[in-house]
Structure formats: structure tokens, C-alpha cells
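K.L.:
First, the structure itself, so that you have it in front of you.
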Amino acid sequence: MPSGGPQYRYRDEVRETIKLQLGAGVPGNVIAHYNKFSKAFVSRMNTERKIHPEVLAACRRKKGPKSRISPEANAALAKFMEENPKAFRSEAVDFLRGNFNIEVSESTVSRAMKRVRLARKGLSTGVDQQVGVDDETAADESERAEDT
């Protein structure tokens with residue numbers, strides 16, 4: 001066995017889902033058929049469930065901290081990013097601070113946009129603005145690189 005404890009083939013969420021289905025009375029062969037598991041694996045999960053029922057409650061995934069960006073702010077951020085597709089993450093942080101009085105980091109904004117599937121190449125940390133590189137200069141440099 002590799003170091004670091006047991007390495008299960010399936011994630012804990014999958015294993016717990018099977019145990020919940022078994023606890024609800026779904027036959028093991030039905031679970032195995034529809035979820036494409038072996039009957040032996042489902043049987044093993046049933047044995048674990050019967051032997052240690054308290055493990056089921058203890059192993060449930062605990063939720064992390066509550067998001068600092070409310071659903072309303074998240075929707076407004078999505079609308080802001082749709083209207084300003086070239087906006088920097090720092091501008092999104094300023095938008096949330098100004099309109100919703102929410103203090104978040106740029107990485108928090110990135111995760112929020114990822115959750116609503118708004119990750120874009122145009123979103124960056126503002127390094128191009130700080131260095132003074134604009135679109136025309138970058139285009140000229142890429143043309144020169146292609147010519148050589």
C-alpha cells in the first residue's frame with residue numbers, strides 16, 4: 001500500500017453515495033448496473049455500512065467557509081464581466097468594493113468567476129497596465145517576432 005493511507009479507487013463522495021442508496025433500500029445489483037460498479041464493490045460498501053453506521057455520518061464532507069460574495073453580488077459581477085470582457089481582476093475587486101462594500105482578493109474574484117464559468121483570457125492581474133504595454137505595442141512586437 002502506498003504511503004499516506006489507503007488509496008481508494010473511487011472518491012469518498014461516490015462511496016458515501018452508494019452507502020446512502022443501500023441505506024434507502026435500493027438493491028445492490030441495481031446500483032451496480034446503473035452506476036457501472038462491480039457487484040463485489042457494492043457488496044463491500046454494504047458491509048462497511050452495516051458494520052460501522054456511525055462512519056457514514058462522520059465521513060460526510062464538511063462544507064468550507066461561507067462565500068464572502070453573496071449570490072446578488074455574484075450575479076452583478078457576472079453582468080459586469082459580460083459588459084466589460086477586458087476588465088482586470090483588480091477592476092472587479094473595485095467593483096465589488098464600491099457597489100457591495102465587499103473586501104475580497106483578486107483570487108477570490110477569480111474563483112467566483114470560475115464558479116459562474118466566466119474565466120477569460122482577457123482577465124489578468126493588471127501587469128500589462130502597470131508595465132505600460134498596450135494592445136498596439138504588443139501587436140507590433142508579435143509582428144516583429146513573426147518576421148524574424
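K.L.:
Could you list, in sequence order, all residues of the range 80-104 that are buried (at least 16 other Cβ atoms within 10 Å of the Cβ) and charged (D, E, K, R)?
P.N.:
Within the range 80-104, 89, 91 meet the criteria.
K.L.:
Anything in the range 61-95 that is aromatic (Phe, Trp, Tyr) and part of a helix (DSSP H, G or I)? List them, or say none.
P.N.:
80, 95
K.L.:
Here is a check on your reading of the model: is residue 114 among the charged types (D, E, K, R) and modelled with pLDDT of 80 or more? First the steps, then the outcome.
P.N.:
Values: among the charged types (D, E, K, R): yes; modelled with pLDDT of 80 or more: yes.
Criteria met by residue 114.
K.L.:
Would you say residue 77 is modelled with pLDDT of 85 or more and either buried (at least 16 other Cβ atoms within 10 Å of the Cβ) or of a type in the set (Phe, Trp, Tyr) (or both)?
P.N.:
Numbers: modelled with pLDDT of 85 or more: yes; either buried (at least 16 other Cβ atoms within 10 Å of the Cβ) or of a type in the set (Phe, Trp, Tyr) (or both): yes.
It is true that residue 77 is modelled with pLDDT of 85 or more and either buried (at least 16 other Cβ atoms within 10 Å of the Cβ) or of a type in the set (Phe, Trp, Tyr) (or both).
The values are calculated or read from the model by the stated rules, or taken from the named source; none is laboratory data. Just so it is clear, the structure is predicted and the values come from calculations on it, not from any experiment. For neighbour counting, all protein chains shown are included, and Cβ atoms are generated from backbone atoms with ideal geometry for every residue, glycine included.
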